[in-house]
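Asker: I'd like to ask you about the structure that follows.
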Amino acid sequence: MRTSTVARRLAASALLPLTLTGCGLFGGGGQHEYGAQQRAIKVRKGAKFTLSLPASPALAEHWYLADPWPNGRVLKYRGKREDIHGSPKGVTGGGEGTEYFDFTARKKGRTTLKLLHCPMARCSSATEAAASASPVPTATGTPDDNAAYFVYTVTVR
């Protein structure tokens, strides 16, 4: 077989996963993850997706789903889970991890969802933060040392 033919076949096979997933623009039937920076999410009806956020529970850093919750006709909230890695040997109070919020796109439409980032025990729940005398700002950047709401717009097509 000629080298150019082999190269074309290899290139085509490398592009196949991108073709099957729609180039990552819209969630298909598989599971898709979005981070703290990706606040405009577009998925297809029936798609499952996850918000994947950095957390350090050993340092009292957590995330909470906050009111107002997303429109239940558009999104189904499937729950929260954690993947926490322990401290390196000899290090006390370390450990990094990820908190995941899982959703399924139910119906075409648009909704917002709001997550509260609580670093270093600045808050212990979304309810507590909402009742606080000092308002919690909406984040415009990445998670930092201050409590903040991260607002996501989800469009289901």
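Asker: Quick check on packing: order 38-48, 56-66 by the mean number of other C-beta atoms within 10 Å, highest mean leading.
Answerer: Details: 38-48: 16.0, 56-66: 17.8.
Answer by packing, highest mean first, reads 56-66, 38-48.
Asker: Mind ordering 144-153, 110-119 by average Cβ neighbours within 10 Å, highest first? Mind showing how you got there, number by number?
Answerer: Values: 144-153: 15.8, 110-119: 20.3.
Top to bottom by mean Cβ count within 10 Å: 110-119, 144-153.
Asker: Provide the net charge surrounding Leu51, with neighbours chosen by a C-beta distance below 9 Å and charges set as Lys +1, Arg +1, Asp -1, Glu -1. Don't jump to the answer; show the numbers that get you there.
Answerer: Details: positive: none; negative: Glu33, Glu99, Asp102.
With Lys, Arg at +1 and Asp, Glu at -1, the neighbours total -3.
Asker: Then there is this: Within region 139-157, which residues have the backbone N less than 19 Å from the label spot 7 Å out from Ala40 along Cα→beta-carbon, could you tell me?
Answerer: 139-142, 150-157
Asker: Let me ask something else about it. Starting from the alpha-carbon convex hull of region 34-150, give the projected area averaged over all orientations, in nm².
Answerer: Numbers: hull surface 30.2 nm².
Mean projected area of the Cα convex hull: 7.6 nm².
Asker: Using the Cβ atoms and a cut-off under 14 Å, what net charge is assigned to the surroundings of Ile84, where Lys and Arg are +1 and Asp and Glu are -1?
Answerer: Values: positive: Lys80, Arg81; negative: Glu61, Glu82, Asp83, Glu96, Glu99.
Residues close to Ile84 contribute a combined charge of -3.
FYI, it's all coordinate maths here, none of it is from the lab. Everything numeric here is computed off the predicted structure, so don't read it as measured data. Here Cβ is always computed from backbone atoms with ideal geometry, including for glycine, and neighbour counts include all displayed protein chains.
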